[in-house]
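Engineer: Dropping the structure in here first, questions after.
The values are calculated or read from the model by the stated rules, or taken from the named source; none is laboratory data. Because the structure is a prediction, the values reported are computed rather than measured. For neighbour counting, all protein chains shown are included, and Cβ atoms are generated from backbone atoms with ideal geometry for every residue, glycine included. Ligands, DNA and RNA are stripped out before the accessible areas are found, and what is left, the full protein with its side chains, is counted by its heavy atoms. Shrake-Rupley method; radii C 1.70, N 1.55, O 1.52, S 1.80 Å.
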Amino acid sequence: MLYGITFPGETSPLPLRPTLRALTSRIIALKELTPRERFAELAPFPVTAPMRLGVIPMGSADGLNWLHAGRVLVRGRSAPIVSGPSLEHTRIDLTGVPDAQVGDEVAIIGRQGDAEISVGEVASRHGLGLHHVATTVGPRVTRVYFSDGAPVKTVTPRRPTLNLRRTR
């Protein structure tokens, strides 16, 4: 109850507001793949039929190993995650969303139109408690805080700078 979330089918005895409303990203690359491109740079997995592959800039370093339901939402339609998240990117199969474009929002957790991926669905997929999902988002992910349904604060993590020192 601390995080304001319940498993699907459960009813809370008190009205709750979820602390994690959505986890979203954007498509940064699209590529049409053919079966002969099995081990191409963007497809280190079997491509058995033509595929429209999209890439989002979130991966295991952002907690995505535990924060997905095996699918995402793009333009209100479900798109499967392909071969799991890599360190900084995740591949999604956009074959079923032919009108998807670079820049489109991707809902990893949350709602788009009538479609939804809930925290409970993500927790069930990975055998986690609901609180684990709400607290697993990595430190590199921008947070937007809401009050009464309106955003009031955005915290964008600073990227560490690399300082190299040369010794002679």
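Engineer: How long is the gain from ALA150 to GLU10 if the chain were fully straight, where each residue apart is worth 0.36 nm and the alpha carbon distance is subtracted?
Structural biologist: Length gained, ALA150 through GLU10: 47.7 nm.
Engineer: Considering every pair of different Cα atoms, what Kirkwood radius, in Å, is found for the range 81-136?
Structural biologist: In the range 81-136 this quantity evaluates to 13.2 Å.
Engineer: OK, next. Just the accessible area per residue of the range 12-158, please: how many Å² with a 1.4 Å probe?
Structural biologist: Values: 8020 Å² over 147 residues.
Value for the range 12-158: 55 Å² per residue.
Engineer: If I compute solvent accessible area with a 1.4 Å probe over the protein chains, what percent of it on the range 87-139 is carbon and sulfur? Before the final figure, lay out the partial values.
Structural biologist: Details: 1180 of 2440 Å².
Reported share for carbon and sulfur atoms: 48 percent.
Engineer: Something else: Rounded to the nearest 0.05, what FRET efficiency do ALA29 and ARG125 have when you use their Cβ-Cβ distance and R0 = 30 Å?
Structural biologist: The pair ALA29/ARG125 has a calculated efficiency of 0.75.
Engineer: Distances over 24 Å make up what percent of all Cα-Cα pairs in the range 19-135? All intermediate terms of the calculation are to be shown ahead of the outcome.
Structural biologist: On the way: 1515 of 6786 pairs.
Pairs farther apart than 24 Å: 22 percent.
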